[in-house]
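Values quoted throughout were computed directly from the atomic coordinates according to the rules given, and no laboratory measurement underlies them. Since this is a predicted model, take the numbers as computed values, not measurements. In this analysis, Cβ positions are derived from the backbone assuming ideal geometry, glycine residues included, and neighbour counts consider all displayed protein chains.
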Amino acid sequence: MSNHKELRILDAPPLERADAARNRAKILAAAATLFDERGAANVSMDDVSAAAGVGKGTLYRRFGDQAGLAFAVLETQEKALQERILSGPPPLGPGAPPPERLSAFLQALLDLVYRTEELHLLSETATPGARYRTGVYSFYRLHVELQLREAGGHEDPELVADMLLAPLSADFLRYVRVDRKVAKRRVLAGLMRLIESVCSEPSTGTKHHSHGAARAAREGPFPQGGRRLTGVADDGPCARPAQRLEG
């Protein structure tokens, strides 16, 4: 059985009648404007219906609720990022080594979530697990998984892909920004260190890695001799040059 996986844009909108397409475009334009002006949390479905000049029934049939509308507004920006991943210039697009592509992608996704935090919060937290059931998330997860597979050295790239994406949920980023007062630059630096750590595992010798982890667990953060264990190697399959952080 083939294990080949292909990265492609998901959730393409179905074909629709011309009048339905016009209504959809009017609704999304009105919603985007209102979200920008007032903030997504301060815009009701009635507000959008009135601004777009369509009936509330049409609005609810097309988008279900405010979370569905928020996701639809986000979709354009998410699709633009997907296009850059598939066919844009490296390092975000094809042609760069896996660790560089992962770094560029996580930074681009971080920028997107910061710009559209309220919309992401609405679309991701409407129901438990909503974030993980979208085609957009499936695309991002598969992209990360494919980079990890190309780099090699990972026994469970599917799970590691989910774990790398976990800190980029809007709910978590809002927590670190608002409650923890963590600047975006510091979040980005943490993500880059996370990639280095994930990509530092040797492609062979998992037994050696397991022994090292067991020893670290026994000795704690300061083993014999007082030298701190960092747990990050610089010569693994994903080793990459140091990257200067901006902004």
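Figures for the structure shown
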| read-out | value |
| --- | --- |
| Cα-based Rg / Dmax (Å) for the range 66-198 | 14.4, 42 |
| Largest-first principal axis extents, alpha carbons of the range 155-204, Å | 41, 18, 10 |
| Model label zone, Ala130; criterion: amide N under 18 Å from point 7 Å along Cα-to-beta-carbon; scope the range 139-178 | 168-175 |
| Separation of the Leu194 and Arg149 label points, Cα + 7 Å toward Cβ, nm | 2.2 |
| Peptides ranked, highest mean first, by Cβ atoms within 10 Å: ranges 64-74, 43-53 | 64-74, 43-53 |
| Approximate spin-label separation Arg84-Arg180, in nm, with each point projected 7 Å along Cα-to-Cβ | 2.4 |
| Rg to Rh quotient for the range 1-152, alpha carbon positions, Kirkwood Rh | 1.03 |
| Farthest positive-ward along the range 60-162 dipole, Cα basis, beta-carbon charges - from Phe71, His143, Gly95 | Phe71 |
